[in-house]
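Input: a single structure, listed below in structure tokens.
The values are calculated or read from the model by the stated rules, or taken from the named source; none is laboratory data. Quantities reported herein were computed from a predicted structural model and do not represent experimental measurements. Every residue, glycine as well, gets a Cβ built from its backbone with ideal geometry; the counts of neighbours run over all protein chains shown. Each accessible area value is taken on the protein alone, full model and side chains, heavy atoms only, with ligands, DNA and RNA left out. Shrake-Rupley method; radii C 1.70, N 1.55, O 1.52, S 1.80 Å.
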Amino acid sequence: MNFRQADDTSASVNALEIKGISKAYGRFPALKNVSLQAKDKEFLALLGPSGSGKTTLLRVLAGLEQPDAGEVRFAGEDFLALPVRRRKVGMVFQHYALFRHMTVAQNIAFGLTVRKRSEKPAKSEIADRVAHLLQLVQLEGLDKRFPSQLSGGQRQRVALARALAIEPKMLLLDEPFGALDAQVRRELRRWLRELHDRAGVTTVFVTHDQEEALDLADRVAILKDGELIQLGTPNQVYEHPATPFVFDFLGQACRMPGVVEKGRLLIADWESEAPAGAADGAVDVFFRPDEVAFAPADGAGLSALVRGVTQRGPDVRIDCVIEGQTVELQAHGPTLPPGVTTGLSVRIKPLRPQVYATA
Amino acid sequence: MNPSIRLPGIAPLFVALTLAILGVLIVFPLGVVFQQAFSKGFAAYLEPLTQPDALHAIRLTLIVAAISVPLNAVFGVAAAWAVARFEFKGKSLLVTFIDLPFSMSPVVSGLVWVLLFGAQGWFGPWLQEHNVKIIFATSGLVLATVLVTLPFVARELIPLMQDQGADEEAAALTLGAGGFTTFWRVTLPNIKWALLYGVLLCNARAMGEFGAVSVVSGSVRGLTTTLPLHVEVLYNDYEFVGAFAAASILASLGLVTLVIKTFLEWRHSGELSAGRRH
């Protein structure tokens, strides 16, 4: 009995458990043995380039796709055994998928009106719920509009209200801001996070925008070619990318060859302490173009020749040549050291280099 | 809206040419039909239409359409659903087969039934034994009409449903709706105008079909003549006023179809399949 109890507690910590999910379309493998967990009320982002399988995984969770192998449990329940309609997941689609012939209010009420007669709320109750949700998504007064009469941002909020109306156990969002312009996207992002915290529902969010994922999520799962590459908090994955791919995908990257020997890292003529745990041997050194310190030519660091300095809005782009290789660095205008001008030699110290054994 | 570009000199020429062709080939003959029908006055126009044979032809035409159009509506929705929503082997073959009646002479569409169910056909002897009559009977007319009008509804729905995608249906399922609820409350309302449009075209063709029907009908006056066949029978008997009177009904049917079709295109163009107008 004790064992069973322990099992129950673990289920309540990990609301969602995905184990060894594989799915192929014909000969093309969309998901390869993906396992991950989401905690109760957690905001989990599935991040990856197109074709990485992130949307397929989301559709597996919704029940719109059947995996070839693997297991999905939600709150301990075998999710794959349930048909879509019984999973009670609120899904928001990239292109909204609002019912075009229904008004905003009818869209939001849909999930309630299709219930079995015995479970269907009274008309007045449905109306109340719709009014409440309209308020929640800040669309009061638009209840009689049709989807075609709304802006993209408004449509997406209707889609979210419609998904929330069924009081879902889990919220699934498929690139919900993908079709919106940058300004609206940033506003909705904040608002979505607040909504998640208030609604207190486990959320899985698919995106290819690393900034969105790092900004919104409690944890980020990075997928590539149907495989899970790394799972961690935004800070963990940004500061300790597991592979060069993750490093590259999460932001801009500079890349240099180097050697690790006895805890020291050698890049060209510059030696420094190797990152903790780096194994000896030839490595690829990755660092962010804006995470560098500049020093005078007679100081310590990588010797670099500045080829050009260009102001680009708030950022300054510094083109330089290090060891015959063109590298594009970045700094903010006010923080640019005075010595860095075109034609001068400087020294550059990557502040947080990551090393990966050369393939 | 496409921006319009005027090619100097060419534009007036083409407009004039189009109007001339339309006038000579459509408006004038259509006018002649009505002029001939009413040439001996309104009473003479009505008289042949109230003959038992004529009334029977009208009734038979309506019956054939009333059976074959719903059949094709159901088939069209089912076929479009299958083509637009599922990936399966032989899908392009299915689409080709749906289109076949468009490219095949209607005579062939009639003849196949004679080959199958006629007295000398494959099932002919068996049907005779069991006293079932298909050729030279209403059921034969229905079969021929169904075959000829097979593509109308499906062709109208397939591009629309492919264009709309399955997201709304998927959304309905995640919101707890079952298969039938989703079909009635999401799929059908989304395609209703295109379906109506397809049914309209299907109906016009079903009522006007001549070739296929004439093969299986045998043109037994007052028994197996539909309205188009009735026109031919009367015409061959030199009953011109009667022939043109019956023809005027068919022509009016065409005009009414055209008006409703234009209205649908004007009012619901967004919900008809984009880029496919007949």
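Relative to the present Cα-Cα distance, how much length would full extension add between B:Val74 and B:Leu19 at 0.36 nm per residue of separation?
That works out to 15.9 nm of additional length.
Not counting ligands, DNA or RNA, and with a 1.4 Å probe, what is A:Arg264's accessible surface area in Å² rounded to the nearest 10?
100
Using a cut-off of 15 Å between beta-carbons, work out the net charge of the residues near A:Val158 (Lys and Arg +1, Asp and Glu -1, A:Val158 not included).
That sum, taken over residues with Cβ under 15 Å, equals +3.
For chain A, with the dipole built from +1 on Lys and Arg beta-carbon atoms and -1 on Asp and Glu ones, taken about the Cα centre, which of A:Val137, A:Ala15, A:Phe245 lies farthest toward the positive end?
A:Val137
Let me know the charge dipole size of segment B:39-276 about its Cα centre in debye, to the nearest 20, where only the beta-carbon of Lys, Arg (+1) and Asp, Glu (-1) is charged.
140
If you find the alpha carbon centre of segment B:48-68 and of segment A:214-229, how far apart are they in angstrom?
The distance from the Cα centre of segment B:48-68 to that of segment A:214-229 comes to 68 Å.
Any chance you could list the semi-axes, whole Å, largest first, of the equivalent ellipsoid that the Cα gyration tensor gives for chain A, using √(5λ)?
47, 26, 16
Using R₀ = 22 Å, calculate the FRET efficiency as 1/(1 + (r/R₀)^6) where r is the Cβ-Cβ separation of B:Phe28 and B:Tyr235; round to 0.05.
That pair, B:Phe28 with B:Tyr235, gives E of 0.70.
Ordering B:Thr181, A:Thr326, B:Thr224 by accessible area with a probe of 1.4 Å, largest first, what comes out?
My answer, sorted largest first, is A:Thr326, B:Thr181, B:Thr224.
Mind checking which of A:Gln94, B:Pro151, A:Leu47 is farthest towards the positive end of the protein assembly as shown's charge dipole, using Cβ charges of +1 (Lys, Arg) and -1 (Asp, Glu) about the Cα centre?
Going by the Cα projections, it comes out as B:Pro151.
At 1.4 Å probe size, with no ligands or nucleic acids counted, give the accessible surface of A:His132 in Å², nearest ten.
Here the accessible area works out near 110 Å².
How far, in nm, would the chain grow between B:Leu258 and B:Lys133 when pulled straight, counting 0.36 nm per residue and subtracting the alpha carbon separation?
41.4 nm is the gain from fully extending B:Leu258 to B:Lys133.
Shape call for segment A:208-320 from the C-alpha gyration tensor, a ≥ b ≥ c root eigenvalues: rounded (a/c under 1.5), prolate (a/b greater than b/c) or oblate?
Taking the square roots of the gyration eigenvalues as a ≥ b ≥ c, segment A:208-320 is oblate.
Tally Lys/Arg at +1 and Asp/Glu at -1 over every other residue whose Cβ is under 10 Å from the Cβ of B:Ala243; what's the total?
Cβ neighbours under 10 Å give a net charge of -3.
Could you list the square roots of 5 times each eigenvalue of the Cα gyration tensor of segment A:310-359, that is, the equivalent ellipsoid semi-axes, sorted largest first and rounded to whole Å?
Here the semi-axes work out to 22, 14, 11 Å.
Return, ordered by residue number, the residues of segment A:63-84 whose backbone nitrogen is under 14 Å from a label point located 7 Å along Cα→Cβ of B:Ala166.
A:63-67, A:84
Stokes-Einstein diffusion coefficient for segment B:39-276 at 4 °C in a medium of 1.567 mPa s, Rh from the Kirkwood formula over Cα pairs: what value in µm²/s?
After rounding, the answer is 66 µm²/s.
With a 1.4 Å probe and all protein chains kept in place, how much accessible area does A:Ser148 have, in Å² rounded to the nearest 10?
Per-residue accessible area (A:Ser148): approximately 90 Å².
For a test of the definition: using alpha carbon positions, the gyration tensor, and the 1.5 limit on a/c, classify the protein assembly as shown as rounded, prolate or oblate.
prolate
Rounded to a whole number, what is D in µm²/s for segment B:204-253 from Stokes-Einstein with the Kirkwood radius over alpha-carbon pairs (10 °C, 1.306 mPa s)?
In µm²/s, the coefficient is 146.
Any idea what angle helix A:123-136 forms with the longest principal axis of chain A, computed on alpha-carbon atoms, 0 to 90 degrees, nearest 10?
Helix A:123-136 sits at roughly 20 degrees to that axis.
If I compute solvent accessible area with a 1.4 Å probe over the protein chains, what percent of it on segment B:160-220 is carbon and sulfur?
Here carbon and sulfur together make up 65 percent of the probe-accessible area.
How much FRET efficiency would the formula 1/(1 + (r/R0)^6) give for A:Glu77 and A:Ser118, where r is the Cβ-Cβ distance and R0 is 30 Å, rounded to 0.05?
With R0 = 30 Å, the Cβ-Cβ based efficiency is 0.85.
Per 0.36 nm of contour for each residue apart, how much would the distance between A:Leu344 and A:Ala24 grow if the chain were fully extended, relative to their Cα-Cα spacing?
Going from the current span to full extension adds 109.7 nm.
Relative to the Cα centre, what is the charge dipole magnitude of the protein assembly as shown, using +1 at the beta carbon of each Lys and Arg, -1 at the beta carbon of each Asp and Glu, and rounding to the nearest 20 debye?
1540
In debye to the nearest 20, how big a dipole does chain A give about its Cα centre with +1 on each Lys and Arg Cβ and -1 on each Asp and Glu Cβ?
1820
Buried accessible area for the A:B pair, summed, 1.4 Å probe, in Å² rounded to 100?
1800
In the structure displayed, which of A:Lys54/A:Lys88; A:Lys19/A:Lys54; B:Lys192/B:Lys261; A:Lys41/A:Lys88; A:Lys54/A:Lys144; A:Lys39/A:Lys88 lie more than 23 Å apart, Cα to Cα?
As for pairs spanning more than 23 Å Cα to Cα, those are A:Lys54/A:Lys144.
Using r as the Cβ-Cβ distance of A:Lys144 and B:Arg85, and R0 as 41 Å, what FRET efficiency do you calculate, to the nearest 0.05?
That pair, A:Lys144 with B:Arg85, gives E of 0.85.
Report the label-to-label distance for A:Arg186 and A:Gln330 in nanometres (one decimal), using points 7 Å from each Cα along the Cα→Cβ vector.
Result: 1.4 nm between the two label points.
Just reorder A:Glu71, A:Glu125 by solvent-accessible area, largest first, 1.4 Å probe, all chains present.
Accessible-area ranking of A:Glu71, A:Glu125, largest first: A:Glu125, A:Glu71.
If I model a spin label at B:Trp266 and A:Gln252 as a point 7 Å from the Cα along the Cα→Cβ vector, what separation in nanometres do I get?
5.8
Summing Lys, Arg as +1 and Asp, Glu as -1, what charge do residues with Cβ under 13 Å from the Cβ of A:Lys41 carry, A:Lys41 excluded?
+1
Could you order B:Val233, A:Val158, B:Val32 so the one with the most accessible surface comes first? Probe is 1.4 Å.
Listed by decreasing accessible area, they come as B:Val32, B:Val233, A:Val158.
What distance in nm separates the two pseudo spin-label positions at B:Glu47 and A:Lys41, each 7 Å out from Cα along the beta-carbon direction?
About 9.2 nm separates the two model spin labels.
So what's Rg/Rh here for segment A:1-158, counting alpha carbon atoms and using the Kirkwood radius for Rh?
Ratio of gyration radius to Kirkwood radius: 1.03.
Considering only A:Leu305, A:Phe28, B:Asn72, whose Cα is most displaced toward the positive end of the charge dipole of the protein assembly as shown, charges sitting on Cβ of Lys, Arg (+1) and Asp, Glu (-1)?
B:Asn72
Under 13 Å from a point 7 Å along the Cα-to-Cβ line of A:Glu211: which residues of segment A:290-323 have their amide N that close?
Answer for this model: A:314-315.
Hey, how many Å between the Cα centroid of segment B:166-185 and the Cα centroid of segment A:284-319?
56
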